[in-house]
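Below: one structure, written as structure tokens.
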Amino acid sequence: MKKLVESIAKSLVDNPDKVQVSQLEGEQSSIIELKVAPEDVGKIIGKQGRNVQAIRIILSAAGMKLKKRYILELIEKE
């Protein structure tokens, strides 16, 4: 899942080298933290939050197949 989020994020932003994805594992759920440059936060969120919502939908659909819950956190780098 980490690689999936990373590839989607790198295709959306202007600075793909500043994209960092980390994953915190739990028993039934995992938190995926996406860090991007401050100027790219708007591109990840999209108009009315559509891009980030689409990424979350993809994660939840893939998580159902694996019987695991994935939570996406968007973090802005300084």
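Points worth noting:
- Selection of the stretch 22-39 for residues being of a type in the set (A, V, I, L, M) and over 14 Å from R56 (Cβ atoms) yields L24, V36, A37.
Each row is one residue, and each column tells you yes or no for (1) closer than 16 Å to E73 by Cα; (2) in contact with a helix residue (DSSP H, G or I) (Cβ under 9 Å, 6 or more places away or on another chain).
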| residue | (1), (2) |
| --- | --- |
| V5 | yes, yes |
| V13 | no, yes |
| Q20 | yes, yes |
| E25 | yes, no |
| I31 | yes, no |
| L34 | yes, yes |
| P38 | yes, no |
| G42 | yes, no |
| G46 | yes, yes |
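Only the coordinates and a few stated rules stand behind these numbers; no lab work does. Keep in mind the model is a prediction, meaning the values are calculated, not measured. Every residue, glycine as well, gets a Cβ built from its backbone with ideal geometry; the counts of neighbours run over all protein chains shown.
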